[in-house]
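Chemist: Sharing a structure here in structure tokens format.
The values are calculated or read from the model by the stated rules, or taken from the named source; none is laboratory data. Source: prediction; values computed, not measured. Quick reminder, even Gly has a Cβ in these numbers, built from the backbone with ideal geometry, and neighbours come from all protein chains shown.
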Amino acid sequence: MRFLTLTIVLAVSLNASCTRSPPSYDQMSTGQKKFALAKEEIRELVAIKLGAFATDRIMVEGRKIGYMYREIPARPEDSGWRFFSGDEDQAYIDDLSHTGVYAVNTVANSDPDIIPYLNTPAPCAFEKVAGTNKYRRVAR
């Protein structure tokens, strides 16, 4: 049930905050957040030019992705991907200031272990297999 609520919250956020295309790293770094990766550390790892949601646990605190899911996108600029460290509680998720829209490539730079899974069609969900760089498919 926890992730059903996340879907609703994130869908509302996307409608409220997503522009024509995902923000560039320059646009993201001008806000109040200090990101775990410097602009100079971002490399082109994937060709996906769409946006995705990721929490600050990943993008600011530098934690690895522990849970990710993809839903059918409602907007052309949305990949449908939602990324979490896996330890976020509902109160954290409900505070939309802890979630941002990022280019999928930027998220992949934060945790390259996700790259083999990014072309999986929606709907899908994966959780990290503890102690590995692999994910296993799970029900949403």
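Chemist: Residue by residue through region 95-140, note down the ones that are of a type in the set (Gly, Ala, Ser), part of a loop (DSSP other than H, G, I, E, B) and surrounded by 12 or more Cβ atoms within 10 Å (Cβ to Cβ).
Modeler: 122
Chemist: For residues in region 30-56 being in a loop (DSSP other than H, G, I, E, B) and polar (S, T, N, Q), which is surrounded by the fewest Cβ atoms within 10 Å (Cβ to Cβ)?
Modeler: First, the residues of region 30-56 that are in a loop (DSSP other than H, G, I, E, B): 30-38, 42-50.
Remaining after also requiring polar (S, T, N, Q): 30, 32.
On the way: 30: 9, 32: 5.
Residue satisfying both the conditions and the ranking: 32.
Chemist: Going by the conditions given, is residue 36 at pLDDT 95 or above, more than 18 Å from residue 124 (Cα to Cα) and of a type in the set (A, V, I, L, M, F, W, C)? Give the steps one after another, and end with the answer.
Modeler: Working: at pLDDT 95 or above: yes; more than 18 Å from residue 124 (Cα to Cα): yes; of a type in the set (A, V, I, L, M, F, W, C): yes.
It is true that residue 36 is at pLDDT 95 or above, more than 18 Å from residue 124 (Cα to Cα) and of a type in the set (A, V, I, L, M, F, W, C).
Chemist: Taking region 63-81, which residues are free of Cβ contacts under 8 Å to residues at least 60 places away in the same chain and under 17 Å from residue 130 (Cα atoms)?
Modeler: 63
Chemist: Let me ask another. Which residue, of 77, 41, is farther than 18 Å from residue 122 by Cα and more than 11 Å from the chain's Cα centre (by Cα)?
Modeler: 41
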